[in-house]
1. Checking Ser49 against (1) touching a residue at least 12 places away in the same chain (Cβ under 8 Å); (2) of a type outside the set (A, V, I, L, M, F, W, C); (3) in a helix (DSSP H, G or I): exactly one of these is not met. Which one?
2. Determine which member of the set Ala43, Ala26 is free of Cβ contacts under 8 Å to residues at least 60 places away in the same chain and assigned to a strand (DSSP E or B).
3. Of everything in the range 62-92, what is assigned to a loop (DSSP other than H, G, I, E, B) and either farther than 30 Å from Val17 by Cα or in contact with a Cys (Cβ under 9 Å, 6 or more places away or on another chain) (or both)? Give them in sequence order.
4. Working only within the range 78-117, note down all residues that are under 21 Å from Leu59 (Cβ atoms) and surrounded by 15 or more Cβ atoms within 10 Å (Cβ to Cβ).
5. So Phe14 passes all but one of these: (1) part of a helix (DSSP H, G or I); (2) farther than 22 Å from Thr124 by Cβ; (3) out of contact with any Leu (no Cβ under 7 Å at 6 or more places or on another chain). Which condition number does it fail?
6. Which condition number does Pro62 fail, the rest of (1) surrounded by 12 or more Cβ atoms within 10 Å (Cβ to Cβ); (2) within 18 Å of Leu130 (Cα to Cα); (3) out of contact with any Leu (no Cβ under 8 Å at 6 or more places or on another chain) being met?
7. I'm told Ala26 meets every condition in (1) within 25 Å of Asp119 (Cβ to Cβ); (2) surrounded by 11 or more Cβ atoms within 10 Å (Cβ to Cβ); (3) in contact with a helix residue (DSSP H, G or I) (Cβ under 8 Å, 6 or more places away or on another chain) except one. Can you identify the failing condition by its number?
8. Identify the residue in the range 114-130 that is free of Cβ contacts under 8 Å to residues at least 40 places away in the same chain and assigned to a helix (DSSP H, G or I) and, among all such residues, is farthest from the chain's Cα centre (by Cα).
Amino acid sequence: MKVLVLPKTDLDLFAAVLQQFGEVHAPVAKDDGARDGGGFVFARLTSWSEARLDYQRTLLPPKKYVLPQRETLFRYRHGEGFVPCSEDLDKRIVLFGVHPCDIYGLDILDQVFAGRYPDPYYQTRRKNLLVIGLDCMPD
């Protein structure tokens with residue numbers, strides 16, 4: 001892990017460069033009509049004005065990018081047998097604005113899924129995920 005500090009004045013230039021590395025995802029406000037305003041979720045940005053870097057926490061943690069809730073591991077094809085699925089495994093994503101506690105959680109997942117019994121699906125997704133952290137205030 002490499003740690004760099006970026007002043008806020010250079011954020012717009014940095015954001016433009018990020019798009020060359022993959023889809024940029026950041027915390028956005030989710031307004032689904034719920035009483036509490038919906039909270040925040042990590043989602044693909046269509047414009048940088050959507051990004052909310054002042055969020056407290058998200059409804060789902062960033063681990064959803066490396067451990068999806070549902071995943072098809074293989075399919076059966078007549079004549080071929082079982083064929084592994086590789087849908088969206090090679091999609092490059094830049095995850096911007098992740099809190100340090102979530103980065104620490106991803107670090108622990110890296111140790112677990114690259115340990116004695118490595119998970120190739122996890123490792124492929126993690127290799128294609130660039131995580132950019134953001135300092136935060138505890139809630």
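The values are calculated or read from the model by the stated rules, or taken from the named source; none is laboratory data. Since the model is a prediction, treat every value here as computed from it, not as a measurement. Virtual Cβ from ideal backbone geometry, glycine too; neighbours counted across all protein chains shown.
1. Here Ser49 clears every test but (1).
2. Values: Ala26 fails: free of Cβ contacts under 8 Å to residues at least 60 places away in the same chain.
Only one candidate qualifies: Ala43.
3. Going residue by residue through the range 62-92, those that are assigned to a loop (DSSP other than H, G, I, E, B) are 66-73, 78-80, 85-92.
Residues satisfying the conditions are Gln69, Arg70, Glu71, Thr72, Leu73, His78, Gly79, Glu80, Cys85.
4. Those that are under 21 Å from Leu59 (Cβ atoms) and surrounded by 15 or more Cβ atoms within 10 Å (Cβ to Cβ): Ile93, Val94, Leu95, Phe96, Gly97, Val98, His99, Asp102, Ile103, Gly105, Leu106, Leu109.
5. Single failed check for Phe14: (3).
6. (3)
7. (1)
8. Taking the range 114-130 first, the residues free of Cβ contacts under 8 Å to residues at least 40 places away in the same chain are 114-120, 123-124, 127.
Those left that are additionally assigned to a helix (DSSP H, G or I): 120, 123-124, 127.
Values: Pro120: 17, Gln123: 14, Thr124: 13, Lys127: 12 Å.
Ranking the qualifying residues of the range 114-130, first place goes to Pro120.
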